[in-house]
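Worksheet for the structure shown next.
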Amino acid sequence: MDSRTKGKTVMEVGGDGVAVITLINPPVNSLSFDVLYNLKSNYEEALSRNDVKAIVITGAKGKFSGGFDISGFSEIQKGTMKEPKVGFISIDIITDLLEAARKPSVAAIDGLALGGGLELSMACHARISTPGAQLGLPELQLGVIPGFGGTQRLPRLVGLTKALEMILTSKPVRAEEGHSLGLIDAVVPSAELLTTARRWALDIVERRKPWITSLLKTDKLPPLGEAREILKFARGQTRKQAPNMKHPLMCLDALEMGIVSGPRVGLEKEAEVGSQVISLDTTKGLIHVFFSQRGTVKVPGVTDRGLMPRKIKKVAIIGGGLMGSGIATALILSNYPVILKEVNEKFLEAGIGRVKANLQSRVRKGSMSKEKFEKTMSLLKGSLDYESFRDVDMVIEAVIENISLKQQIFADLEKYCPQHCILASNTSTIDLNKIGERTKSQDRIVGAHFFSPAHVMPLLEIVRTNHTSAQVIVDLLDVGKKIKKTPVVVGNCTGFAVNRMFFPYTQAAMFLVERGADPYLIDSAVSKFGMPMGPFRLCDLVGFGVAIATATQFIENFPERTYKSMIIPLMQEDKRAGEATRKGFYLYDDKRKAKPDPELKKYIEKARSISGANVDPKLVKLSEKEIIEMTFFPVVNEACRVFAEGIAVKAADLDIAAIMGMGFPPYRGGIMFWADSIGSKYIYSRLDEWSKTYGDFFKPCAFLAERGSKGAPLSAPVEQARSRL
Ligand SMILES: CCCCCCCCC[C@H](O)CC(=O)SCCNC(=O)CCNC(=O)[C@H](O)C(C)(C)COP(=O)(O)OP(=O)(O)OC[C@H]1O[C@@H](n2cnc3c(N)ncnc32)[C@H](O)[C@@H]1OP(=O)(O)O
Ligand SMILES: NC(=O)c1ccc[n+]([C@@H]2O[C@H](COP(=O)([O-])OP(=O)(O)OC[C@H]3O[C@@H](n4cnc5c(N)ncnc54)[C@H](O)[C@@H]3O)[C@@H](O)[C@H]2O)c1
């Protein structure tokens, strides 16, 4: 491949008169402009050659196409690439050249046909696929819309309701379902794919198979009135589920236009809207997240050293409580044999019971068969001692947060486990160097910080000390991938990245409430901003025991910037400790529905009298924007400290940690991306002002002060970071 080009196509004309065009752009044959312009040239040639009767499009190396090259969107956003004329690709090339050609085209789909890949195939006159192929239009997930005719052709091939489901959920269907929906014409084994597609194309020429132009089909479309009702319902649902995003509604506009005014007008609307969405802030955020999520596994000095992950054949977990049972579930679900160690029979049985319950819930929901359940459970063995640890490749300790207990366990592990065995701890706050103090195994000690519930939450913080070997990190990154987590490698400190960022968020909320702000209005503003719930609802969910234990660690380690509120301890004293006790900041009914509690005022007033805080009329009447700034700018401040200290290697890793560990809205691009969209100068000036009025909790750190003074982006690489890694 020419080093300046990004991808290409090749065309081979067979003796049978079929031109086979192969999309080549590893790793997923994405449709870059180079690929698309090459495809256009191939078509022009094939259509002008007398020896070509029909065309087959396929993808190299078992993948049809993962869609439009997403980096093209970033380039258009940055202005480093010029946007082609609106509709040039979808109308001029895909519709007028390919679909309207006098020679038929057949798509031969192996592996995946996503986004623009599926759209290209839908413009062909038939689609043949292999059994495992995935077919979908996931564009909305990226903040864009299907822009190569997908909003017009998919409803015409599979019906309006199914098309809306596929587009709005971004979920792909498998080939078999695609076949029954009418999206795929035949499913054949991989080895027969090309021969079947060639034959099918010639059969169309010879009129033995129908010549179907997807764009002109109408048989699957409902009558206009019904279609309008379906679309109205879809709009309502979309407004509810994605209130802060415009592009899903814009996508529905294009879809509706095609149904009401015909597919050509629909294509034009799609092209117009497709171009507009690229510059939306939410789209910039989502595209940043796509690449950042894939970037977390690229760790300078670790993953660029040619190290191969070692095979982890067996894992042991110590502690079958909330976290240990969740981690065990995640591991056995990915076929790792697991030993679960507990202190006695009763606790062991309870731990195994929790794993069982996690899997049974899948069986109940129909996402796991009974057979698979039995098979998965058979990978889990219980133990009360270390004898069975002699051949394990990795241990994950998940006992209660107690330093001396963890130290004793690690000393025992060194005695019983083989020398190559990775010794990981799931501690949320404790310094790993302290945990390993009584061993000589510092190079294989690492943090494997899962989030609760561990079998559901997608983030895994891999915590390395100055001694952890690169090989151990590479091994854990591989395990993370296999158990379908997004790993973020961070340095060793109290709270690591996520909990350090989380803490000022809840602290700021307590600060505001002690000065007269309404906790329910804070929760409402934060939910509207896009967090799954507000800080007070979250404290109730986590439980006050955990909240106090975490706060204690932060007060000990970062006393200068901890706001010591008594609201939670006072409620805890009265045995109202959050959702589990049915009372916390909210009251909970039998269905765990939260409702505000007028009695909360009493605790707030008492806490206020202890801290000596006064009601501040300005803070009583905060706007939603001000609430967001006063709760999230302290988070940005802490994220800056984490970045400056080298706890996170890249700002984008903090974006992913915030999204996956805190529930920060992905369409805002993550904490650092969002901060940069507001500007370091403004954030610095607000924090500086608040720190002068309200104290050191808001004091901007040196990194933020430095970048803020120049208005420099917070996410730009740290040159002189004091590496803690
Ligand atoms: C207005 C003018 C502009 C022109 C008009 C545009 C009109 C838009 C047309 C179209 O409708 C829009 C689209 O098609 S948007 C793209 C839709 N496709 C997707 O959303 C798929 C995204 N990819 C995935 O979901 C997954 O990557 C996968 C394909 C399922 C593969 O998953 P797997 O786990 O195996 O591998 P990953 O680690 O995810 O990816 C491997 C590497 O491949 C890169 N990559 C994947 N897909 C794309 C892509 N579409 N474009 C560019 N790069 C892609 C990914 O980044 C990884 O790269 P690394 O460098 O990290 O290895
Ligand atoms: N709860 C969370 O949300 C969360 C999130 C991330 C990390 N963590 C961390 O995970 C760890 C475990 O937390 P948890 O919430 O699962 O606690 P938990 O109390 O639910 O479970 C701990 C389990 O460890 C067992 N145990 C104690 N000593 C043991 C020993 N010597 N051998 C075997 N088992 C032993 C206990 O019997 C108990 O079942 C802690 O370090 C915590 O900080 C917790």
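All of the numbers you see were taken from the coordinates with simple rules; none came from a lab. Keep in mind that this is a model prediction, so the values were computed, not measured. All Cβ positions, glycine included, derive from the backbone under ideal geometry; neighbour counts span all protein chains shown.
Here is how the numbers come out for the structure above:
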{"read-out": "Exceeding the 30 Å Cα-Cα cut-off - candidates Lys284/Lys710; Lys82/Lys625; Lys220/Lys240", "value": "Lys82/Lys625"}
{"read-out": "Selection from Ile548, Leu142, Tyr588, by position along the positive dipole direction of the chain (Cβ)", "value": "Tyr588"}
{"read-out": "Surface/4 estimate of mean projected area, convex hull on alpha-carbon atoms of the range 87-198, nm²", "value": "6.5 nm²"}
{"read-out": "Dimensionless Rg ratio for the range 146-242, taking C-alpha atoms and the 2.2 N^0.38 Å reference", "value": "1.29"}
{"read-out": "Test item: Cα-centred dipole of the chain, Lys/Arg +1 and Asp/Glu -1 on Cβ, debye", "value": "620 debye"}
{"read-out": "Convex hull volume of the range 263-359 per residue (C-alpha atoms, cubic angstrom)", "value": "220 Å³"}
{"read-out": "Partner lysines for Lys564 [C-alpha distance under 16 Å; skip if fewer than 8 residues away on the same chain]", "value": "Lys606, Lys699"}
{"read-out": "Taking only Cα atoms of the range 507-576, radius of gyration then Dmax in Å", "value": "12.4, 33"}
{"read-out": "Average projected area [Cα convex hull, the range 429-533], square nanometres", "value": "8.3 nm²"}
{"read-out": "Unit charges at the beta carbon, dipole of the chain: most positive-side option, Ser334, Tyr667, Gly266", "value": "Ser334"}
{"read-out": "Ratio of the Cα radius of gyration of the range 644-702 to 2.2 N^0.38 Å, where N counts its residues", "value": "1.24"}
{"read-out": "Cβ-placed point charges (K, R +1; D, E -1), dipole of the range 278-354 about Cα centre in debye, nearest 20", "value": "360 debye"}
{"read-out": "Ascending count of other beta-carbon atoms within 10 Å, so fewest first, for Lys6, Lys171", "value": "Lys171, Lys6"}
{"read-out": "Loop sites in the range 611-693: trypsin sites (Lys or Arg not before Pro), DSSP, at most 14 other Cβ within 10 Å", "value": "Lys621"}
{"read-out": "Range of Cα positions in the range 572-647 per principal axis (Å), largest first", "value": "45, 32, 26"}
{"read-out": "Degrees, to the nearest 10: 544-557 long Cα axis against longest axis of the chain", "value": "70 degrees"}
{"read-out": "Cα-based equivalent ellipsoid, the range 364-481: semi-axes from gyration tensor eigenvalues, Å", "value": "26, 17, 14"}
{"read-out": "Low-density loop cleavage sites - GluC sites (Glu not before Pro) in the range 659-725, where at most 15 other Cβ are within 10 Å (DSSP)", "value": "Glu719"}
{"read-out": "Descending principal axes extents, the range 226-278, alpha-carbon based, whole Å", "value": "31, 30, 6"}
{"read-out": "Cα convex hull volume per residue for the range 280-438 (Å³)", "value": "169 Å³"}
{"read-out": "Cα-based reach from Lys365 at 18 Å (exclusive), listing aspartates and glutamates while leaving out same-chain residues under 8 positions away", "value": "Glu374"}
{"read-out": "Share antiparallel - DSSP beta bridges, the chain, percent rounded to 5", "value": "30 percent"}
{"read-out": "Extreme residue, positive dipole direction of the chain, given options Phe373, Gly612, Ser524 (C-beta unit charges)", "value": "Phe373"}
{"read-out": "Debye log10 I(q)/I(0) at q = 0.20 Å⁻¹ for the range 309-388, Cα point scatterers", "value": "-0.82"}
{"read-out": "At q = 0.15, 0.25, 0.27 Å⁻¹, base-10 log of I(q)/I(0) for the range 389-441 (Debye sum, equal scatterers on each alpha carbon)", "value": "-0.35, -0.96, -1.10"}
{"read-out": "Exceeding the 22 Å Cα-Cα cut-off - candidates Lys171/Lys356; Lys528/Lys583; Lys356/Lys381; Lys314/Lys341; Lys298/Lys484", "value": "Lys171/Lys356; Lys528/Lys583"}
{"read-out": "Rg/Rg_ref, the range 469-527, where Rg_ref = 2.2 N^0.38 Å and atoms are Cα", "value": "1.73"}
{"read-out": "Ellipsoid semi-axes in whole angstrom, largest first, where each is sqrt(5λ) of the Cα gyration tensor of the range 532-608", "value": "22, 14, 11"}
{"read-out": "Percent breakdown of C-alpha pair distances by 5 Å bin, ordered from the shortest bin, for the range 585-725", "value": "2, 9, 15, 17, 17, 13, 11, 9, 5, 2, 0"}
{"read-out": "Least to most buried among Tyr520, Tyr684 (fewest other Cβ within 10 Å first)", "value": "Tyr520, Tyr684"}
{"read-out": "Long pairs among Lys375/Lys485; Lys246/Lys591; Lys375/Lys434; Lys78/Lys162, criterion Cα-Cα beyond 28 Å", "value": "Lys246/Lys591; Lys375/Lys434; Lys78/Lys162"}
{"read-out": "Computed [θ] at 222 nm, deg cm²/dmol, the chain (DSSP H ≥ 4; -39,500 (n - 2.57); rounded to nearest 500)", "value": "-14500 deg cm²/dmol"}
{"read-out": "Tail fraction, Cα-Cα pairs, the range 461-588, threshold 17 Å, whole percent", "value": "65 percent"}
{"read-out": "Mean projection area, nm², convex hull over Cα of the range 49-104", "value": "5.6 nm²"}
{"read-out": "Likely footprinting exposure, Lys356, Lys593, fewest C-beta neighbours within 10 Å first", "value": "Lys593, Lys356"}
{"read-out": "Calculated Rg and Dmax of the chain using C-alpha coordinates, Å", "value": "28.4, 91"}
{"read-out": "For the range 277-333, Kirkwood radius (reciprocal of mean inverse C-alpha pair distance, Å)", "value": "15.3 Å"}
{"read-out": "Charge dipole magnitude, Cβ of K and R +1, D and E -1 - the range 91-235, Cα centre, debye nearest 20", "value": "260 debye"}
